[in-house]
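Asks: So that we are looking at the same thing, I have put the structure below in structure tokens.
The values are calculated or read from the model by the stated rules, or taken from the named source; none is laboratory data. All of these numbers come straight from a predicted model, not from anything done at the bench. Every residue, glycine as well, gets a Cβ built from its backbone with ideal geometry; the counts of neighbours run over all protein chains shown.
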Amino acid sequence: MTPQPSGRRRVGLVFAAGLLMTAAAMSAASPGAVAAPYKPGAAPHNQGAANLGPNVTVFDPSMPVADIQATLDAANAAQVDNEMGTTRHAYLFRPGTYGTAEHPLQIKVGYYTEIAGLGASPGDVVINGKVEVYNRCLENNGTGNCLALVNFWRTLSNLSINVNGAGQDDCRKGANFWAVSQAVSMRRLNVTGGTLSLMDYCTAGPQYASGGFIADSKLPSVTNGSQQQWLTRNTEIAGWSNGVWNQVFSGVVGAPDESGFPNPPYTTLDTTPISREKPYLFVDAQGRYNVRVPAARKNTRGVSWANGLTVGRTLPIGDFFVARPSDSVQTINSQLARGRHLLLTPGVYDIARSIEVKHPGTVVLGLGHATLTAVHGSTPIDVADVPGVVVAGVTIDAGTERSPVLLRVGRGHGGHRTSANDPTTLSDVYFRVGGPHVGKTDVALQVDSDDVLIDHTWVWRADHGVEGFTDTQRWQTNIGRYGAVVNGDHVTATGLFVEHFQRYNTVWNGDDGTTILYQNELPYDPPTQADWMNGKVEGYAGYKVGDRVRTHRLYGGGVYVFNQNNPSIHTENGFEAPRTPGVRLHHIMTVNLSAGTIDHVVNGVGDAADTTKVGAPVYISDYPAQ
């Protein structure tokens, strides 16, 4: 079926409408092989034909702009509405300049598409033009329902964009549009020559958007517009237009001050306590492919590449097993056991037993939203209690048979071989329960190791899909009990998005944990209040800090309610946390999206988010109060 916008996202525009209009007016190979040079009239380099799989296309600056444009236009046409499809693709650009002032390269990015430069630095690949995502028009391709609420699953990284709107209408000329929602990341970008807009105010006027994440980028003035929640981390910005509900800045040069909270709703940390940038593929001066693995850093601000190559280590592609969907898990595990790293080329992988990551420092890197689907109730990825593992760019789907967990880090609590200076890191790792097919799992993400860094994840029990269910049937069929369960100590999450699970969406039992931006929607589909009870308590909080936790920090959190199946349902608290001085929740809120009620923000404190204040958040600046 054609996906319809979820309730929460429709209301966000109301509060930013004046700002939106103002913003619109203002903006009026075999491993290590060297690729052969492009020959005029030839097809684009498909380096993947030799080493990166058939769904990786590599462009060379010697290729005519018109040919690159035609290839990417065709890709977007195929993927722009393919929300629940199985096609995955990565389009990679070798170092050089693409597009000119007269003939810019203007790229539109559809579902399950990665656009990335192959330089060691973002400045090594320059796009004169744009890389954009626009609103989707869902009602008969007209303009009656144009929005960005389901613009998920796409990636842009490691290049420079010199914004050039030549040939576009006047509304679009001055800005690079990136109108997206969850499971979309922008990393290692240098954007110049215009503005960056996180909403599309040209397609049918200002509309709804619900993202998102930017890291390690240098940006011009940014039009936030209708983006209800957003995390910007370790970035430089020239300006930021506004906020809707929850805008968080961590280690951002030029970030707005938070002193006016909640008007505007900014949460600003001067530095990021711990971060590790996502690994990236690059081509060296000899044309050899490598993966750069950035090091973890503490208390940082601004971009990692300001003074040259991002600090870290370089791994030649020959150190990786380059997997394709046809490869068995047995083959993958035998390669990992030999100490090789894993590169997952774009596609959908059926995983009937766990991919076992046992060696410290192992890198598992997915290209083009490589997707692992659980088969026979498997746990698709199982990471041992070892330091320095990096899992990045991977989507994990629940299968039709119930899994205990979809990704597990560690086994049991305490006594782990982990490292505070070299944390196991999950970057752009996404989870789905339902959507393209029936999904069942007890837990999506479970972290049992200490010293783990979660850097941007969307953990989603689907609120819509192509399974053919009514919303009431979905409650009984797409089973997702818990979204994220954190049992390890000293775990940090930067950009934790968890939605629609049937009990606690997030349970944080480990001590000394930190979350920087949390976004949650409670499940839309409990049929009755009896289906949504935690013992004698009405409902489950969207974010639960375990009763025995003594130290915890949350910066910028929101829990939203839209009980569309039964608007009479109540949830007692949006957040639950032990009442102890070491547990601090800073800038939290609840909001009603038109149905149901959250009685309190946290632990009985805060007014009800009910249908008398649809779309109007209930904020608490600090809990406990300072």
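Asks: Could you please find all residues in the stretch 188-218 being surrounded by fewer than 24 Cβ atoms within 10 Å (Cβ to Cβ) and either assigned to a strand (DSSP E or B) or among the basic types (Lys, Arg) (or both)?
Replies: Asn190, Thr192, Thr195, Lys218
Asks: Regarding the stretch 119-133, can at least one residue be identified that is in a strand (DSSP E or B) and surrounded by fewer than 17 Cβ atoms within 10 Å (Cβ to Cβ)?
Replies: Our first condition is that a residue be in a strand (DSSP E or B); within the stretch 119-133, this holds for 125-133.
Imposing the further condition that a residue be surrounded by fewer than 17 Cβ atoms within 10 Å (Cβ to Cβ) reduces the set to none.
For the stretch 119-133, residues in a strand (DSSP E or B) and surrounded by fewer than 17 Cβ atoms within 10 Å (Cβ to Cβ): absent.
Asks: Quick one: in the stretch 317-337, of everything that is within 12 Å of Val364 (Cα to Cα) and β-branched (Val, Ile, Thr), which residue is surrounded by the fewest Cβ atoms within 10 Å (Cβ to Cβ)?
Replies: Ile332
Asks: Can you tell me which condition Thr267 does not meet? The list is (1) touching a Ser or Thr at 6+ places or on another chain (Cβ under 7 Å); (2) within 23 Å of Val491 (Cβ to Cβ); (3) part of a strand (DSSP E or B), and all the others hold.
Replies: Of the numbered conditions (1) touching a Ser or Thr at 6+ places or on another chain (Cβ under 7 Å); (2) within 23 Å of Val491 (Cβ to Cβ); (3) part of a strand (DSSP E or B), the odd one out for Thr267 is (1).
Asks: Is at least one residue of the stretch 61-81 surrounded by 23 or more Cβ atoms within 10 Å (Cβ to Cβ), under 28 Å from Phe320 (Cα atoms) and not aliphatic (A, V, I, L, M)?
Replies: Within the stretch 61-81, none of the residues are surrounded by 23 or more Cβ atoms within 10 Å (Cβ to Cβ), under 28 Å from Phe320 (Cα atoms) and not aliphatic (A, V, I, L, M).
Asks: Another question about this same structure. Could you please tell me which pairs satisfy a Cβ distance under 7 Å, a separation of 6+ or placement on different chains, a first residue in the stretch 240-253 that is over 24 Å from Val618 (Cβ atoms), and a second residue that is of a type in the set (Ser, Thr, Tyr) and in a loop (DSSP other than H, G, I, E, B)?
Replies: From the stretch 240-253, the pairs are Gly251/Thr271; Val252/Thr235.
Asks: Right, something else. Applying the selection to the stretch 331-353, what residues are within 23 Å of the chain's Cα centre (by Cα) and outside any strand (DSSP E or B)?
Replies: Thr345, Pro346, Gly347
Asks: Is there a residue being buried (at least 24 other Cβ atoms within 10 Å of the Cβ), closer than 30 Å to Gln473 by Cβ and of a type outside the set (Gly, Ala, Ser) anywhere in the stretch 606-623?
Replies: For the stretch 606-623, residues buried (at least 24 other Cβ atoms within 10 Å of the Cβ), closer than 30 Å to Gln473 by Cβ and of a type outside the set (Gly, Ala, Ser): absent.
Asks: As an exercise: evaluate Val248 against (1) under 17 Å from Ile454 (Cβ atoms); (2) in a loop (DSSP other than H, G, I, E, B) and give the number of the one condition it does not meet.
Replies: Among (1) under 17 Å from Ile454 (Cβ atoms); (2) in a loop (DSSP other than H, G, I, E, B), Val248 violates only (2).
Asks: Okay, moving on. Report every pair of residues separated by at least 6 positions or lying on different chains whose Cβ atoms are under 8 Å apart, first residue within the stretch 295-324 and closer than 24 Å to Leu159 by Cα, second among the charged types (D, E, K, R) and at pLDDT below 95.
Replies: Cβ pairs passing all conditions: Pro316/Arg288; Ile317/Arg288.
Asks: Tell me, which residue of the stretch 511-552 that is crowded, with 24+ Cβ neighbours inside 10 Å, assigned to a loop (DSSP other than H, G, I, E, B) and small (Gly, Ala, Ser) is farthest from the chain's Cα centre (by Cα)?
Replies: The residue in question is Gly539.
Asks: Got a number for residues in the stretch 315-341 being touching a strand residue (DSSP E or B) at 6+ places or on another chain (Cβ under 7 Å) and polar (S, T, N, Q)? Outline the logic, then answer.
Replies: Here is the first cut: in the stretch 315-341, the residues touching a strand residue (DSSP E or B) at 6+ places or on another chain (Cβ under 7 Å) are 315-317, 319-323, 325, 329, 332-333, 335-336, 340-341.
Next, from what is left, pick out any that are polar (S, T, N, Q): 333, 335.
Going through the stretch 315-341 one residue at a time, the tally reaches 2.
Asks: Something else: Within the stretch 354-396, count every residue that is of a type in the set (Asp, Glu) and not in a strand (DSSP E or B). Steps first, please.
Replies: As a first pass, look at the stretch 354-396 and keep what is of a type in the set (Asp, Glu): 356, 382, 385.
Add one more test, that the residue is not in a strand (DSSP E or B), and what stays is 385.
Final tally of qualifying residues: 1.
Asks: Going through the stretch 90-118 one residue at a time, which ones are of a type in the set (Val, Ile, Thr), within 23 Å of the chain's Cα centre (by Cα) and assigned to a loop (DSSP other than H, G, I, E, B)? Show your work before the answer.
Replies: Looking only at the stretch 90-118, we keep the residues that are of a type in the set (Val, Ile, Thr), and these are 97, 100, 107, 109, 113, 115.
Within this subset, residues satisfying the condition of being within 23 Å of the chain's Cα centre (by Cα) are 107, 109, 113, 115.
Val109, the sole residue that qualifies.
Asks: Tally time: how many residues in the stretch 267-290 are hydrophobic (A, V, I, L, M, F, W, C) and within 21 Å of the chain's Cα centre (by Cα)? I'd like the intermediate steps shown before the answer.
Replies: So in the stretch 267-290, the residues hydrophobic (A, V, I, L, M, F, W, C) come out as 269, 274, 281-283, 285.
Cutting the leftovers down to within 21 Å of the chain's Cα centre (by Cα) gives us 269, 274, 281.
Going through the stretch 267-290 one residue at a time, the tally reaches 3.
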